[in-house]
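Where a number appears in this text, it was derived from the coordinates with a stated rule and is not lab data. Since the structure is predicted, the reported quantities are computational estimates derived from the model, not experimental observations. Note that each Cβ is placed from the backbone with ideal geometry, even for glycine, and that neighbours are counted across all protein chains shown.
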């Protein structure tokens with residue numbers, strides 16, 4: 001590894017599995033002094049932290065619901081108490097929400113915005129105070145191709161991820177004068193446990209059929225992997241992307257190109 005995050009303190013939300021776990025472990029391998037592993041599922045967060053520590057890194061597992069302002073404040077109070085600062089925040093945590101505008105429920109809408117949009121806002125607000133005081137930092141938000149193109153039967157999810165893209169641009173304008181960069185990754189479909197129910201539903205109860213129906217949308221001929229999206233996050237977390245802020249990066253295998 002190249003040590004692209006040497007000495008930095010990173011916080012990754014939704015780090016108990018999938019893209020978040022891949023990013024947290026990659027950040028540690030790339031020299032992060034410590035990684036705060038935040039996830040709603042405490043056991044999953046501990047597993048990720050244990051993997052980092054087994055490889056010689058330093059990690060702190062924290063269980064929290066990022067849609068809850070009090071819990072978010074407690075997360076960052078704990079991180080600052082333990083590590084003194086935050087250099088990188090990856091707002092990866094999110095939820096899916098199926099249904100068109102005619103059949104999505106109020107709960108679908110509220111949950112999608114509570115986690116995907118409000119959670120990103122709350123974590124960013126908490127860490128931005130520390131970053132602006134320090135005069136540097138990188139915030140990486142997790143959008144989706146669903147923020148860039150319409151996706152059938154995902155009204156609440158598309159809207160919430162569109163809000164994340166708009167929030168990213170606003171934050172970039174506000175925080176750039178203070179040395180803080182803010183960018184957003186818009187992944188295409190990445191094969192993670194979170195996606196299996198959606199793929200199964202798309203296939204009419206058949207996961208393999210749903211996977212085939214989804215893959216055909218990608219010119220590259222396959223879905224993404226958590227490690228591929230984590231690599232994009234590493235680039236944005238590191239000084240390699242020092243001239244980038246407010247950028248919307250579609251890591252989507254060509255899905256939005258056509």
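Considering only 24, 78, 114, the Gaussian network model of the chain with Cα springs below 10 Å gives its largest mean-square fluctuation to 78. Taking 0.36 nm per residue of sequence separation and removing the Cα-Cα distance, the residue 2/residue 103 pair yields an extension gain of 31.5 nm.
Considering only 140, 19, 220, the mean-square fluctuation computed in a Gaussian network model of the chain, springs between alpha carbons under 10 angstrom, is largest for 220. The simple Förster model, with R0 at 41 Å and r as the Cβ-Cβ distance, assigns residue 176 and residue 206 a FRET efficiency of 0.30. How far is helix 226-237 tilted off the main Cα axis of the chain, in degrees rounded to 10, range 0 to 90? Helix 226-237 sits roughly 40 degrees off the main axis of the chain.
Note on the chain: with a GNM built from Cα contacts shorter than 10 Å, the maximum mean-square fluctuation among 55, 64, 74 falls on 55. The long axis of helix 119-134 is offset from the longest Cα principal axis of the chain by roughly 30 degrees.
To the nearest ten degrees, helix 18-29 and the longest principal axis of the Cα atoms of the chain are 30 degrees apart. Subtracting the Cα-Cα distance of residue 149 and residue 85 from 0.36 nm times their residue separation leaves 19.4 nm of extension gain. Straightening the chain between residue 65 and residue 43 buys 6.5 nm, computed as 0.36 nm per residue apart minus the Cα-Cα spacing. At R0 = 41 Å, how high is the FRET efficiency between residue 134 and residue 194 if r is their beta carbon distance? Nearest 0.05 is fine. That gives a FRET efficiency of 0.80.
With R₀ fixed at 22 Å, the C-beta to C-beta distance from residue 256 to residue 235 puts the FRET efficiency at about 0.70.
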